[in-house]
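Presented below is the structure to which this report refers.
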Amino acid sequence: MDLKKLKNSAAKEIKAAEDLKSLQELFKKYLGKQGELTQILRSLKDLPKRERIMVGKEANEVKNSLSLEFDEREAELKDREVKAAQEKEWIDVTAPGKKIPTGSLHPLTQARRKAEEIFQSMGFEVAEGPDIETEWYNFDALNIPKDHPARDVWDTFYLKNGFLLRTHTSPVQVRYMEKNNPPLRIIVPGTVYRHEATDPSHEFQLQQIEGLMVDKNISVANLKAIVGEFFKRFFEKDIDFRLRPDFFPFTEPSFDISITCLVCKGKGCPVCKESGWLEVAGAGMVHPNVFKAAGLVPGQWQGWAFGFGLERLVMLKHKINDIRLFRSGDLRFLKQF
Ligand code: DAH
């Protein structure tokens with residue numbers, strides 16, 4: 001066996017090893033227990049003495065030199081591996097942070113919460129009722145008898161077995177009064193449904209805020225005071241508003257509440273149909289039949305109620321011209337709030 005040849009080819013292979021694993025294989029091949037050089041060293045004992053000394057010396061030199069080569073290459077490859085890993089995991093700690101887009105509350109949610117805050121500060125409790133209602137609570141208990149034309153005012157989604165999707169939040173007035181004795185002050189934010197064709201000012205799913213205040217001596221003056229305070233704080237400025245006679249079966253007398261058009265400041269424009277006023281709510285003094293339906297003695301109590309359309313309020317506040325934008329899911333719209 002030519003030791004020089006072995007040394008040269010081994011040295012070449014060691015230099016060419018591209019990773020630690022192949023280097024390990026090479027080590028096994030030459031210096032391992034069954035390695036080529038190990039076998040030579042082991043066979044030395046069979047040689048005549050003189051030869052043994054010469055070959056033995058050379059073989060040991062080869063072994064030492066190869067060991068060195070192995071160590072060197074191993075250090076190189078390890079170094080390379082560490083550098084590669086560092087490069088891969090390198091973090092530029094001076095780089096500016098990535099801005100993670102965050103969501104925000106829907107404008108209607110923001111407005112509902114604001115309204116809740118305002119009314120709560122005036123002693124009102126926030127109550128809720130079911131979206132799926134019975135005809136009794138949605139109509140009969142509110143003094144809207146069956147087959148009465150007033151029922152047609154609300155384009156109703158009827159479900160099976162006498163259920164329906166509530167067309168307004170007013171049924172919660174009765175539900176609440178059944179369980180709670182006056183004096184009471186509540187607002188009821190909630191979704192209502194109407195079987196309507198949609199256009200810039202009509203949606204089939206709306207948010208309302210119902211209000212109800214019942215006590216011994218409640219008057220329209222109380223209604224005006226509370227509603228005026230609400231407008232001022234909701235719109236964050238003084239707002240002119242007016243009550244005009246209207247008709248609702250569940251109130252007597254009934255009113256519609258209008259505010260000065262916020263777009264033209266009352267001068268008249270297309271938004272307010274040149275009237276200078278915008279209707280934002282229905283209201284009135286609770287009808288005795290509603291008290292009766294809720295199990296209260298009408299003569300003992302007086303109360304007022306109102307129902308605001310929340311979309312309308314938000315549209316006026318932010319000058320939004322299409323009600324359908326609220327449920328469009330369009331982020332360009334939503335991101336503005
Ligand atoms: N429920 C009525 C509607 O949806 C609004 C309304 C009118 C509510 C007068 C009231 C009220 O509480 O007193 O059109």
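Which one of the conditions (1) surrounded by fewer than 20 Cβ atoms within 10 Å (Cβ to Cβ); (2) under 14 Å from ARG194 (Cα atoms); (3) within 12 Å of the ligand (Cβ to nearest atom) does ALA150 fail to meet, given that it meets all the rest?
Result: ALA150 passes all but (2).
Each row is one residue, and each column tells you yes or no for (1) small (Gly, Ala, Ser); (2) within 27 Å of ILE14 (Cα to Cα); (3) open to solvent by 100 Å² or more (accessible area, probe 1.4 Å).
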| site | (1), (2), (3) |
| --- | --- |
| LYS28 | no, yes, yes |
| GLU36 | no, yes, no |
| SER43 | yes, yes, no |
| ARG50 | no, no, yes |
| GLU76 | no, yes, no |
| ALA85 | yes, yes, no |
| LYS88 | no, yes, yes |
| PRO101 | no, no, yes |
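Looking at segment 218-237 only, could you name the residues that are open to solvent by less than 20 Å² (accessible area, probe 1.4 Å) and under 30 Å from the mean Cα position of the chain (by Cα)?
PHE230, PHE231, PHE234, PHE235
Go through segment 257-279 and give me each residue that's within 11 Å of the ligand (Cβ to nearest atom) and open to solvent by 10 Å² or more (accessible area, probe 1.4 Å). If you could, list the steps in order and put the result at the bottom.
Step one: list which residues in segment 257-279 are within 11 Å of the ligand (Cβ to nearest atom), which gives 257, 279.
Correct list: GLU279 only.
Among the residues of segment 188-198, are any surrounded by fewer than 20 Cβ atoms within 10 Å (Cβ to Cβ), in the same structural domain as PRO270 (by TED's automatic domain parsing) and hydroxyl-bearing (Ser, Thr, Tyr)?
At the first step, the residues of segment 188-198 found to be surrounded by fewer than 20 Cβ atoms within 10 Å (Cβ to Cβ) are 191, 194-198.
Right, trim to in the same structural domain as PRO270 (by TED's automatic domain parsing) and you get 191, 194-198.
Going one step further and asking which of them are hydroxyl-bearing (Ser, Thr, Tyr), we end up with 191, 198.
Yes, because at least one residue in segment 188-198 is surrounded by fewer than 20 Cβ atoms within 10 Å (Cβ to Cβ), in the same structural domain as PRO270 (by TED's automatic domain parsing) and hydroxyl-bearing (Ser, Thr, Tyr).
Of (1) part of a loop (DSSP other than H, G, I, E, B); (2) small (Gly, Ala, Ser); (3) within 22 Å of VAL220 (Cβ to Cβ), GLY266 satisfies all except one. Which?
Unmet for GLY266, out of (1) part of a loop (DSSP other than H, G, I, E, B); (2) small (Gly, Ala, Ser); (3) within 22 Å of VAL220 (Cβ to Cβ): (3).
Considering each residue of segment 52-74, count those that are more than 30 Å from LYS21 (Cβ to Cβ) and exposed (fewer than 13 other Cβ atoms within 10 Å of the Cβ), and give that number.
Total meeting the criteria: 3.
Considering only segment 100-207, give the helices (runs of 4 or more DSSP H) lying wholly within it that have at least 1 residues that are farther than 20 Å from PHE308 by Cβ.
Details: elements: 107-121, 135-138, 171-179.
Of the helices (runs of 4 or more DSSP H) lying wholly inside segment 100-207, those with at least 1 residues that are farther than 20 Å from PHE308 by Cβ span 135-138, 171-179.
Tally time: how many residues in segment 228-243 are touching a Lys or Arg at 6+ places or on another chain (Cβ under 7 Å) and within 17 Å of CYS264 (Cβ to Cβ)?
Of the residues in segment 228-243, 3 are touching a Lys or Arg at 6+ places or on another chain (Cβ under 7 Å) and within 17 Å of CYS264 (Cβ to Cβ).
Take the residues in segment 292-324 that are open to solvent by 30 Å² or more (accessible area, probe 1.4 Å), modelled with pLDDT of 95 or more and outside any loop (DSSP other than H, G, I, E, B), then tell me which one is nearest to GLU236 (Cα to Cα).
In this case the residue turns out to be GLN302.
In segment 208-225, what residues are within 13 Å of the ligand (Cβ to nearest atom) and not in a strand (DSSP E or B)?
Within segment 208-225, the subset within 13 Å of the ligand (Cβ to nearest atom) is 208-214, 218, 220, 223.
The answer is ILE218, VAL220, LEU223.
Would you pick out the residues in segment 252-283 that are under 37 Å from the mean Cα position of the chain (by Cα) and under 20 Å from THR167 (Cβ atoms)?
Step one: of segment 252-283, the residues under 37 Å from the mean Cα position of the chain (by Cα) are 256-265, 269-273, 277-283.
Those that are under 37 Å from the mean Cα position of the chain (by Cα) and under 20 Å from THR167 (Cβ atoms): ASP256, ILE257, GLU279, VAL280, ALA281, GLY282, ALA283.
Which one of the conditions (1) touching a residue at least 60 places away in the same chain (Cβ under 8 Å); (2) among the β-branched types (Val, Ile, Thr); (3) more than 16 Å from the ligand (Cβ to nearest atom) does VAL286 fail to meet, given that it meets all the rest?
(3)
Please tell me if ARG151 is assigned by TED's automatic domain parsing to the domain that holds LEU296, at pLDDT below 95 and not acidic (Asp, Glu). Let's see the steps before the verdict.
Working: assigned by TED's automatic domain parsing to the domain that holds LEU296: yes; at pLDDT below 95: yes; not acidic (Asp, Glu): yes.
Yes, satisfied.
Just checking, does segment 306-313 include any residue being of a type in the set (D, E, K, R) and within 29 Å of PRO183 (Cβ to Cβ)?
Step one: filter segment 306-313 for residues of a type in the set (D, E, K, R), giving 311-312.
Next, from what is left, pick out any that are within 29 Å of PRO183 (Cβ to Cβ): none.
There is no residue in segment 306-313 that is of a type in the set (D, E, K, R) and within 29 Å of PRO183 (Cβ to Cβ).
Kindly indicate the residue of segment 158-180 that is open to solvent by 60 Å² or more (accessible area, probe 1.4 Å) and touching a residue at least 24 places away in the same chain (Cβ under 8 Å) and also farthest from ASN289 (Cα to Cα) among those meeting that condition.
Within segment 158-180, the first condition is being open to solvent by 60 Å² or more (accessible area, probe 1.4 Å), and the residues that meet it are 158-161, 163, 175, 178-179.
From the residues that got through so far, the ones that are touching a residue at least 24 places away in the same chain (Cβ under 8 Å) too are 159, 163, 175, 178.
Working: LEU159: 26, PHE163: 22, ARG175: 14, GLU178: 13 Å.
My answer is LEU159.
The values are calculated or read from the model by the stated rules, or taken from the named source; none is laboratory data. Small disclaimer: the values here were computed from a predicted structure and weren't measured. Reconstructed Cβ throughout: ideal geometry from the backbone, glycine too, with neighbour counts over all protein chains shown. Just so you know, the surface numbers come from the protein's heavy atoms only, side chains and all, with ligands and any DNA or RNA stripped out. Shrake-Rupley method; radii C 1.70, N 1.55, O 1.52, S 1.80 Å.
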